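Please treat every number below as a calculation from the coordinates, not as lab data. Just so it is clear, the structure is predicted and the values come from calculations on it, not from any experiment. Glycine also receives a Cβ, built like all others from the backbone with ideal geometry; neighbour counts cover every protein chain displayed.
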């Protein structure tokens, strides 16, 4: 009998879930919360609204927002120093994947010491972290429920993958209303990030019956709702479905891990500072095509979840429909289709491929991979 592990935080989901921010911290014993966010989220007033509920619960706070997209190692030092000097005893993130990952990284260094580079890889965190409450403002990263944190190593220009169950937040507050302030392109990119999580976790070597349920359902929800969410910022039905899809995809990949797509996109994002969701959208059809022979049955299921008609088709033809459906969705939501569209130059491909081979996400890819194969995928997508 196989033995599987599944980790998840307490999840509070629904319209108005932000109102539980203060009470959630209070229940975790927090006296003062270190609130990590970014300038865009502050401008949208979600931080202000979250802090109102901290005031109501009489939880003190310190707000810190000195971070960028694709958070970097050099940004962490100031955050850790501010956390330690502020007297905070808990962490709250309000934002997308960047603030959430930075909040996790600050919690790690503040309690375990050293540099974030020391924790790259799997299960290298040894001391308990402070309580963490997360309020995601995008439907994409899934970091509010995951045991992942992704931080850019600015010297190597690569994204470091840090994986540990210690990084699973204590409470995730998922409020679909908070998705309404994102523009169409960010909505599209974050939605494709969630879709890449769902697809990769479904075909992962570490997939389980429980992660399969979340992954396939997330694919269906994204297929049915991403275009509508991109088209209309106030479509609450679509926002609610996308919030649920991102959450379920996050639960799936947190426990089943990912694959070659993320191993490759991490390198591009670290080099170009590109949006992770857009990079995933470009590479995903090519990596799916590459992985088809490893598990055609699963790609048949993905094709159906993407809304493709596979009736009467052979297993192989049905599996290929998954790739066609993915390309169609990317086109419909208006994201770039080639790596050259986001500024990638062919001269860096071999270095990117060498770095991708070292990425932890590659361990669970369903097809054995080598340097030559990764170079070929990069060039095909260029």
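Key figures
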| quantity | calculated |
| --- | --- |
| Measure of compaction for region 144-252 (Cα Rg per 2.2 N^0.38 Å) | 1.12 |
| Simple label model, 7 Å out from Cα along Cβ direction - residue 317 to residue 27, nm | 5.3 nm |
| Length released on extending from residue 74 to residue 375, taking residue separation times 0.36 nm less the Cα-Cα span | 105.4 nm |
| P(r) histogram, all alpha-carbon pairs of region 262-347 included - 10 Å bins from 0, percent | 18, 43, 29, 10, 1 |
| Compactness index (Cα Rg / 2.2 N^0.38 Å), region 10-178 | 0.93 |
| For region 318-380 and region 94-160, distance of Cα centres in Å | 24 Å |
| Potential extension, residue 297-residue 351 segment - 0.36 nm per residue separation minus Cα distance | 16.1 nm |
| Gyration tensor verdict on region 221-321 (Cα atoms; rounded if a/c is under 1.5, prolate if a/b is larger than b/c, oblate otherwise) | oblate |
| Two-decimal ratio, region 24-123, of alpha-carbon radius of gyration to 2.2 N^0.38 Å | 1.05 |
| Contact order normalised by residue count of the chain, Cα under 8 Å, 6+ apart, percent | 16 percent |
| Most to least packed among 8-21, 143-156, 81-94 [average Cβ atoms within 10 Å] | 143-156, 81-94, 8-21 |
| Semi-axes of the equivalent ellipsoid for region 202-254, Cα gyration tensor, largest first, Å | 24, 9, 7 |
| Column: log10 I(q)/I(0), Debye, Cα scatterers of region 80-164, q = 0.13, 0.19, 0.21 Å⁻¹ | -0.39, -0.85, -1.03 |
| Rounded, prolate or oblate (a/c below 1.5 giving rounded, otherwise prolate when a/b exceeds b/c) for region 126-175 by Cα gyration tensor | oblate |
| Viscosity 0.890 mPa s, 25 °C: Kirkwood-radius Stokes-Einstein D of region 182-381 over Cα pairs, µm²/s | 148 µm²/s |
| Additional length obtainable on full extension of the chain from residue 115 to residue 4, 0.36 nm per residue less Cα span | 36.8 nm |
| Spin-label pair residue 368/residue 84, simplified geometry with 7 Å Cα→Cβ offset, distance in nm | 4.7 nm |
| Intensity falloff of the chain expressed as log10 I(q)/I(0), Debye formula with alpha-carbon point scatterers, at q = 0.12 Å⁻¹ | -0.84 |
| Where labels lie 7 Å past Cα in the beta-carbon direction, separation of residue 66 and residue 236 in nm | 3.9 nm |
| Share antiparallel - DSSP beta bridges, the chain, percent rounded to 5 | 20 percent |
| Value of relative contact order over region 214-271, rounded to a whole percent, pairs C-alpha under 8 Å and six or more apart | 40 percent |
